[in-house]
Amino acid sequence: MGDPTRRATNSVQSIERAFSLLELLATGGGARSLSELSAASGLAPATIHRLMGTLIERGYVRRASDRRYLLGPRLIALGDQASRAFGTWATQHLRELVELTGETANLAVLEGDLVLYVAQAPGKHAMRMFTEPGRRVEPHCTAVGKAMLARLDDPTVRAILERTGMARHTATTLTKPNALLAQLAKIREQGYALDDGEQEVGVRCVAVALDQGPSLTAISVSGPLARLTDQALKMIVPALSQVAKSLSAELDSTDRAR
């Protein structure tokens with residue numbers, strides 16, 4: 001039967017390697033070749049082929065006609081459930097943000113190449129913004145998207161933009177990669193991102209990325225341009241940063257407890 005301790009160790013190693021390969025597929029836009037996975041992971045092609053075979057059988061990976069490996073459809077249900085659970089758990093922090101600012105608060109993650117809104121706490125005003133949890137949008141035209149892109153290096157951002165495109169939603173939407181990259185550099189310096197009516201006319205949004213999260217994560221406050229003035233941002237940005245640090249610290253302590 002062999003040594004059970006060795007089998008257990010090998011089993012854990014296989015799981016770690018399988019998840020690492022899934023993460024490499026995700027950061028590669030959902031698809032990579034065998035040689036790309038080998039170069040990025042340091043694993044032998046034969047090892048990757050064996051692990052991928054199991055993942056393909058379980059529906060977590062599929063093989064394209066050009067022989068590249070792609071993320072499989074079975075991950076969708078897992079991702080949706082995980083996002084909902086994370087959003088429910090983080091809602092208390094969004095409510096705190098509403099108490100501090102009076103405006104609608106949102107939580108979003110970068111799922112693949114798109115922004116996924118996972119939770120929202122409605123603002124206190126009669127006129128307020130509403131973004132339904134579960135909605136997916138391109139990252140270039142949202143404050144949360146730009147806050148998360150600012151955590152990535154420029155080549156990675158360019159690769160994402162090539163895959164998603166930079167569709168124009170309003171007259172102020174950035175549609176050129178170089179213009180967005182210049183803005184991301186500013187975001188890294190100031191610590192927050194703005195969407196000045198770039199996704200929806202008349203709506204302003206300010207966002208801060210979290211230091212911890214299940215993936216790249218950001219929280220935001222959104223409202224009408226008339227309320228989210230530059231003067232209002234002087235109060236909102238510190239509140240956002242405060243809640244982001246609190247949520248990041250809680251996520252970090254949870255990870256340490258595992």
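Throughout, read-outs are computed from the coordinates displayed, never taken from laboratory work. From a predicted model like this one, the values you see are computed outputs, not experimental measurements. Note: ideal-geometry Cβ built from the backbone for every residue, glycine included; neighbour counts use all protein chains shown.
The amide H of Val118, built 1.01 Å from its N in the peptide plane, has Leu107, Ala108, Val109, Gly134 as neighbours under 5 Å, considering only residues 5 or more places off or on other chains. Shown here: segment 76-257, whose C-alpha atoms stretch 40, 37, 31 Å along the first, second and third principal axes, sorted largest to smallest.
Across segment 39-53, rounded Karplus estimates of 3J(HN,Hα) from the backbone phi angles (6.51 cos²θ - 1.76 cosθ + 1.60, θ = phi - 60°) give 5, 6, 9, x, 8, 5, x, 5, 5, 4, 4, 5, 5, 5, x Hz, Gly and Pro being marked x.
Annotation: the residues Ile56, Ile187, sorted from fewest to most other C-beta atoms within 10 Å of their own C-beta, follow the order Ile56, Ile187. Between Leu225 and Ala182, the FRET efficiency estimated from the beta carbon spacing at R0 = 25 angstrom works out to 0.65.
Karplus-derived 3J(HN,Hα) values for segment 156-164, using 6.51 cos²θ - 1.76 cosθ + 1.60 with θ = phi - 60°, are 5, 4, 4, 5, 5, 5, 5, 7, 8 Hz; glycine and proline are entered as x.
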